[in-house]
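Structure first, then comments.
The values are calculated or read from the model by the stated rules, or taken from the named source; none is laboratory data. Keep in mind that this is a model prediction, so the values were computed, not measured. Positions of Cβ are generated from backbone atoms using ideal geometry, with glycine treated the same way; all protein chains shown enter the neighbour counts.
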Amino acid sequence: MSEERLVELAFHAEKPIRLDKFVTAQLGSFSRSRVQGWIKEGLVSVDGKPVTKTGFMLEKPALVTVRIPPQKPSRLEPEQIPLDVVFENEDVLVVNKPAGMVVHPSPGHESGTLVHAALAHAPEMLGVGGEHRPGVVHRLDKDTSGIIILAKNDAAHQFLQAQFKARTAHKVYLALVDGAPPTPTGRIEAPIARDMSHRKRMKVVPPGQGREAVSEFRTLERFAEYTLLEVKPLTGRTHQIRVHLAFLGCPVAGDVLYGRRRSTLPLSRQFLHAYSLTITLPGEAEPRTFTAPLPPDLLAVLEDLRRREVVKS
C-alpha cells in the first residue's frame, strides 16, 4: 500500500476558480471526481483551514494543501480471461468486447467482467478513476459487442472522459432492426428516463423530463422484414440506441426488453454492435479510429438474410 503524500499548491489571483478545478488542474494525474472526494473528506486545506465544499471559490492568493491518501486495497481480483485487444499503449487499452460480458462489477455480476479481465492484463489500472470501476470511461450493455476503450492511468482517464463529456468522441454502431424506420436517414431527439414501472427498462419521456438523448441513423441495407442501420449516438444514455429505435417503431432485432419477445431470427441477443470509436489519445494531436468487425453470430444472421433475399429475387 502506498503512503500518504502532502502536496502544497500556490494559487495566484489571476481570476477566481473553483477549488476542485484548481487542484485537479495542478495535480494533473488525478480525476476531478477523486479530488472532489478528497475535499469532502477534509483532506484539502486553504491557508491551513480545511475546506469541505468542492465549489469553494479561490479568489485571492492562497496556499492550498492537499493530503493525497494512500491507495486503498481493492476487493477486485484480476481474472485471467482472454481479451481481444485492438490497441494498447501506456495510456489506454482498446478492446473488442464480446457479447455476454459485463463491463464492470455490479450486483449479480461480481466476477467475470471486463474490468476483472483488464486488471489481469494491465494491473496498473487498479484504482484508476475509482475503486469499483477502474479504467472505465464509457460502457456497453452486457449483450452488445464491440469497441470499448479503458484508461490505464488517471491522467488518461480524465483526458478521455473530457472528450465523451464534450461529445468529441464519436461512436458508430451497427444495428439490425425489425421493420424499417420512417425515413432512410434521420435524427432522433427524445429525452430518456428510467421506466418506474419496470426498473430494468428506460423509456422516452416528454420534453423537459429525463435527460437529453440524441441519436442519428442511416440505412445501410434493406430487407423484406428487417433493416441494417448505422447508428451514431451523440449522447451516452443507458440503453439509448435500443430505446430510440423502439420509439421509432423499429426495435433492434433480438432485443427482448424493448422489442419482440420472440425473434424470428436465430439470435440469442440483440443485434447491436459497437463498430467503431473515434477519439484522440493522450499525447496525440489527431484522433484515431478503432474498429471491430461484426462478430460471427451477427454476421451469420446477416449473411443468411442476404441469401434469402437473393433466392426470393
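Some points to look at:
- Residue in segment 171-179 that is among the β-branched types (Val, Ile, Thr) and in contact (Cβ under 8 Å) with a residue 60 or more places away in the chain present: yes
- Residue match in segment 46-54 (condition: modelled with pLDDT under 90, assigned to a loop (DSSP other than H, G, I, E, B) and not basic (Lys, Arg)): yes
- Condition check for SER215: surrounded by fewer than 17 Cβ atoms within 10 Å (Cβ to Cβ) and either over 18 Å from the mean Cα position of the chain (by Cα) or under 21 Å from ALA292 (Cβ atoms) (or both): no
- Out of VAL252, VAL231, one residue alone is buried (at least 20 other Cβ atoms within 10 Å of the Cβ), touching a residue at least 60 places away in the same chain (Cβ under 8 Å), β-branched (Val, Ile, Thr) and outside the structural domain of LEU150 (by TED's automatic domain parsing). It is VAL252.
- Segment 81-114, subset assigned to a loop (DSSP other than H, G, I, E, B) and among the hydrophobic types (A, V, I, L, M, F, W, C), residue nearest to the chain's Cα centre (by Cα): VAL103
- Within segment 79-108, the set of residues being of a type outside the set (A, V, I, L, M), touching a residue at least 12 places away in the same chain (Cβ under 8 Å) and within 25 Å of GLY254 (Cβ to Cβ) comprises PRO82, ASP84, ASN96, LYS97, PRO98, GLY100, HIS104.
- Members of segment 73-99 that are in the same structural domain as ASP154 (by TED's automatic domain parsing) and either of a type in the set (Lys, Arg) or at positive phi (or both): LYS97
- The set of residues from segment 245-269 being hydrophobic (A, V, I, L, M, F, W, C) and in contact with a helix residue (DSSP H, G or I) (Cβ under 9 Å, 6 or more places away or on another chain) comprises VAL252, ALA253, LEU257, LEU265, LEU267.
- Condition met for GLY186 (farther than 26 Å from LEU267 by Cα, among the small types (Gly, Ala, Ser), more than 16 Å from the chain's Cα centre (by Cα) and at pLDDT below 95): no
- Residues that are within 21 Å of GLY28 (Cα to Cα) and buried (at least 17 other Cβ atoms within 10 Å of the Cβ) were ranked within segment 273-294; the one that is modelled with the lowest pLDDT is PRO282.
Table: residues versus (1) crowded, with 18+ Cβ neighbours inside 10 Å; (2) outside the structural domain of VAL102 (by TED's automatic domain parsing); (3) at pLDDT below 95; (4) of a type in the set (Gly, Ala, Ser).
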residue: GLY129; (1), (2), (3), (4): yes, no, yes, yes
residue: HIS132; (1), (2), (3), (4): no, no, yes, no
residue: GLY135; (1), (2), (3), (4): yes, no, yes, yes
residue: ARG139; (1), (2), (3), (4): no, no, yes, no
residue: THR144; (1), (2), (3), (4): yes, no, no, no
residue: ILE149; (1), (2), (3), (4): yes, no, no, no
residue: ALA156; (1), (2), (3), (4): yes, no, yes, yes
residue: PHE159; (1), (2), (3), (4): yes, no, yes, no
residue: ALA162; (1), (2), (3), (4): no, no, yes, yes
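- Pairing each residue of segment 180-208 that is in the same structural domain as ARG237 (by TED's automatic domain parsing) with any residue that is outside any strand (DSSP E or B) and surrounded by fewer than 11 Cβ atoms within 10 Å (Cβ to Cβ), provided the two are 6+ apart or on different chains, yields C-beta distances under 8 Å for PRO191/PRO206; PRO191/PRO207; PRO191/GLY208; PRO191/GLN209; ALA193/GLN209.
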